[in-house]
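Read the structure below first, then the notes.
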Amino acid sequence: MRIVVADDSVLFREGIVRLLTEAGHDVVAAVGDADALEAAVAVHRPDLAVIDVRMPPAMTDDGARAALRLRAATPGLPMVLLSQHVETRHSVSLVASGGFGYLLKDRVLRVDDFLDALNRVASGGSALDPEVVGALLAPAGRPDPLAALTEREHDVLALVAEGHTNAGVAARLCLAERTVETHMRSIFQKLRITDDGDRHRRVLAVLAYVTR
Amino acid sequence: MGIGLASRPRAAVPAGVFAVGAGLQVALTARPGQGDPAPVLAVTLAVLAIPVVLGCLVGTRVPDGQVGAALAWVGAAPAAVFAVEMWGETDLTSSPWPGAHAVYLVKLGAWVWNLAGFAALCLVFPSGLLPGPRWRAVAWTVAAAGVAVNATVSWTAANLRDGPAETPAVLTAFGVLLAALGASVLSLVVRYRRGTRTTRTQLRWLILGAGSVPVLLACGWAAQTWWDAGDTVAYTGFLLAMLVAVPAAVVVAVLRHDLFDVDRLLGSSLAWLLTSLASAAVFACVGYAAGSLLGADARLGVSGAAFVAALALPVLHRHVNDRVGRLVDRERFVLDARVRDFVRDVRDGTAQPETVEAVLRDVLGDPELRLLVRLPDGPPGEYVGLSGEAAVPAEGRTRIPLRTGEIEVGVVVLGAASARRLRRARHAAVQARLPIEVTRLRLELRAALDEVRTSRARLLSASARERRQLERDLHDGAQQQIVAAGMRLRSVQRGLRPGTAEHRDLDAVVETLEATVVELRRLAHGVRPARLDDGLAAALGALVAASPVEVRLSVPGDVRVDEVAATTAYYVVAEAYANALKHADAATVTIRVDDDGGVLRIMVADDGVGGARGALGSVRDRVASAGGGLAVSSPPGGGTLVEVSIPHADRGGR
């Protein structure tokens, strides 16, 4: 697919361009700041944008803010935000609209998982870093709705929240897909979430519940 | 010579009279066998010239009023009287001067005019005018009484009779004269009572001068009685007092009444006089008692008396000085007492030493007085007021420097200056030395503390900046480069066949790099939680996200504080929360953060075992550095409550 990469670190940018190219993707633009990103997206209309959160000019969360603007200007553009550390301010709001991923930068070293996440997002799904999910799913000072879940159900929920399909979850946990489906029904029942069958909506529903 | 007030003569008239009188005396002394020897005449005339000259001086410097003239008459009148007496005495010689007989008759009672100058001086001193219109009658009565006394004395002496008519006349004349002189002296008392501060000061000078007359007279009398001193020796002092001390006092009073603090001079003189008299009395009493008890051993008696008198002298003088000071120098006495009271109040803690300036203004009656102090590291000549503001002593004002050893520690700047005020102010400054020094030290301390506080705040925000920078360097520098290197390795790995040793090696290396990145992220978090970029609420939420116990976290999502306050708040909560988890055995931890108008109020409470002691030491320092406060309440069994307030400037930081 056609990808735009935005990262101010030349070294990292070159690395990821090479990685994506070797994986058979077409990197149509690699830019170093938020303004250039918006311009490149407008020109190239890519299938996916991979964006560093911290970029010039302000070196704070320019990438995330640019992503919010792109979401408004180019609805439906799939985006993956890369960050050096976990933050939830932008990720949760963006993830709620689908076609969005939020990963820690070092996830690129797990090349296959990373490419898998890019594909999921490009096809309208979600990809949320396990650490972010961990932070969100951990009991955070409220009566813990997740306490009712069994350990296995907890594992299943975490993978679902990262954006995996039932089949993906089953593969990772070495379970039959039907077993995963049973776990999911149980989880939705315990968390009082109605399952409408749409896979990223499941993620959103879980996230919406645990982060409310 | 009748004071002649009506015609307003200036000092020139008495000066002329003195010149004529002196000339006549010289001429008459030149006659063989007449008058005193030439040296005596010269001395007499020189002494008499003193008041005349001083009178002329006052007359020129203060042309309005009659003080100069009256003073000149003090010398001119005796000069004239002596001349008349000598002239009259030629009548008794073989070659009398023309009209000598008539002059002789006048001369018999002429001595009375010696008093004219003093009477005039009493009536017009120090303003040069009579105390009031009614006093004109007294002036005329003095003149008339002088004429009457002169006439009756002359008449009686000439006729060598004390007939039934003469005695009552003489007595009446003397009576009227005494009454008139008494009234003249009384005029001074009236003036003193009605007078302004300046008038009183001037009158005190006269009292000081005139007071020497009876004292020296008494001394002369004593010298004559006990040591058989001759008239000349015995009364020289008295005459000098009359003709030198009094005129000098008048001149100083009129021209330079502010020359010295006359009150103090007067007080000390009087105190010493009284002390001397008392010591003499002690000496006499002890000597007498010893003489009668021990018999004839006079030497022992004298020694004992001297010893006792010497013992009594300091005590006596202190008491007498105190009493006299209270009487003569009341203001100073009151001032002393008030400053002493103030110093005592400061010592007892009932008065602030900083009010010393107000107290000095009050006791010295000088609302413009300023007390400025120097701070130790201030440049020379730079002062601060008592509230710590920089101040410059007003130009042209009298200053009293305050010193400790060689170092100038401050200055009292007077609003109005005179010798008397200056002396009083100096005295008061010495008396109030303790509160002044305390004030100065407190100012120093306050300035030093302010400096420490601001420098600590500067350090803290510099450290916050550095931490932020370090955290960014770790994230954007080291981490990025490691990830980039990892990506290159992955790229290399794609060219290798899976399952080979090299392929597996690269897997292991990349995994190590991943672990390094995680470790770096953990380190960077310790330097500064990157979650603070999302705001304090997000950072605290993440902090307690994985809590094993129930945490009730309440942070306004829109709380926006500066970097220092946010970091401090984060670490305070982190530390208190960690303590609750580690030591308190708590079931619930409640964390509440409120923005209370510029002050961040943080409360961390748990329902654990309590009894926490000495915890939070490093956090306490951190909070203090940020200008805040921290309180811990942890009764055994009652849970632990940590309350923190941190001032923050809402600069839109995160």
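The values are calculated or read from the model by the stated rules, or taken from the named source; none is laboratory data. Since the structure is predicted, the reported quantities are computational estimates derived from the model, not experimental observations. Methodologically, a virtual Cβ is constructed for each residue, glycine included, from the backbone with ideal geometry; neighbour enumeration extends over all protein chains shown.
Quick check on residue B:466: is it under 30 Å from residue B:568 (Cα atoms) and modelled with pLDDT of 85 or more?
So residue B:466 passes the test.
Which is small (Gly, Ala, Ser) and over 21 Å from the mean Cα position of the chain (by Cα), of A:6, A:40, A:30?
One residue alone meets the criteria, A:40.
Just wondering, is there one or more residues in the range B:30-49 that are hydrophobic (A, V, I, L, M, F, W, C), assigned to a helix (DSSP H, G or I) and under 27 Å from residue B:141 (Cα atoms)?
yes
Restricting to helices (runs of 4 or more DSSP H) lying wholly in the range B:292-406: which have 3 or more residues that are closer than 24 Å to residue B:417 by Cβ and without any contact (Cβ under 8 Å) to a residue 60 or more places away in the chain?
Correct list: B:330-348, B:356-364.
Condition (residue is surrounded by fewer than 18 Cβ atoms within 10 Å (Cβ to Cβ), without any contact (Cβ under 8 Å) to a residue 24 or more places away in the chain and not acidic (Asp, Glu)) applied to the range B:84-92: is it met by at least one residue?
yes
Of the residues A:54, A:65, which is at pLDDT below 90 and either within 10 Å of chain B (Cβ to nearest Cβ) or touching a strand residue (DSSP E or B) at 6+ places or on another chain (Cβ under 9 Å) (or both)?
A:54
Quick one: count up the residues across the range B:478-531 that are among the β-branched types (Val, Ile, Thr) and under 60 Å from the mean Cα position of the chain (by Cα).
1
Given (1) at the interface with chain B (Cβ under 10 Å from one of its Cβ atoms); (2) among the hydrophobic types (A, V, I, L, M, F, W, C); (3) under 22 Å from residue B:542 (Cα atoms), identify the lone condition not met by residue A:81.
Going through (1) at the interface with chain B (Cβ under 10 Å from one of its Cβ atoms); (2) among the hydrophobic types (A, V, I, L, M, F, W, C); (3) under 22 Å from residue B:542 (Cα atoms) one by one, residue A:81 breaks only (1).
One line per residue, one yes/no per condition, for (1) in contact with a Leu (Cβ under 8 Å, 6 or more places away or on another chain); (2) in a helix (DSSP H, G or I); (3) in contact (Cβ under 8 Å) with a residue 40 or more places away in the chain:
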{"site": "B:498", "(1), (2), (3)": "no, no, no"}
{"site": "B:502", "(1), (2), (3)": "yes, yes, no"}
{"site": "B:505", "(1), (2), (3)": "no, yes, no"}
{"site": "B:509", "(1), (2), (3)": "yes, yes, no"}
{"site": "B:512", "(1), (2), (3)": "no, yes, no"}
{"site": "B:516", "(1), (2), (3)": "no, yes, no"}
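Is at least one residue of the range B:446-468 facing chain A (nearest Cβ under 8 Å), in a helix (DSSP H, G or I), surrounded by 14 or more Cβ atoms within 10 Å (Cβ to Cβ) and not small (Gly, Ala, Ser)?
No: zero hits.
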